[in-house]
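Okay, so here's the structure we're looking at.
We did not get these values from a lab; they are worked out from the coordinates using the rules stated. Fair warning: this is a prediction, and the values are worked out from it, not measured in the lab. Cβ coordinates were reconstructed from backbone atoms using ideal geometry, including for glycine residues, and neighbour counts include every protein chain displayed.
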Amino acid sequence: MDLIRILIAILLPPLGVFLQVGFAGAFWLNILLTLLGYFPGIIHAVYIIAKR
């Protein structure tokens, strides 16, 4: 299941984080990072998914 979440996180980083943590602070941080740059959003999403 984590592999599917990581693939989703590469395509849509906020969706990958949402599937992992819901509407927590990490989700909103990921939206901000994705708006500032796509790659920071991907890195953060993969980190959140791999951490749990």
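So here's what we get for this one:
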| read-out | value |
| --- | --- |
| Qualifying residue in region 35-46 (condition: surrounded by 15 or more Cβ atoms within 10 Å (Cβ to Cβ) and in contact with a Ser or Thr (Cβ under 6 Å, 6 or more places away or on another chain)) | yes |
| Residue list for region 28-52, filter: hydrophobic (A, V, I, L, M, F, W, C) and under 13 Å from Arg5 (Cβ atoms) | Ile42, Ala45, Val46, Ile48, Ile49, Ala50 |
| Residue list for region 1-33, filter: surrounded by fewer than 20 Cβ atoms within 10 Å (Cβ to Cβ), without any contact (Cβ under 8 Å) to a residue 40 or more places away in the chain and of a type in the set (Val, Ile, Thr) | Ile4, Ile8, Ile10, Val21, Ile31 |
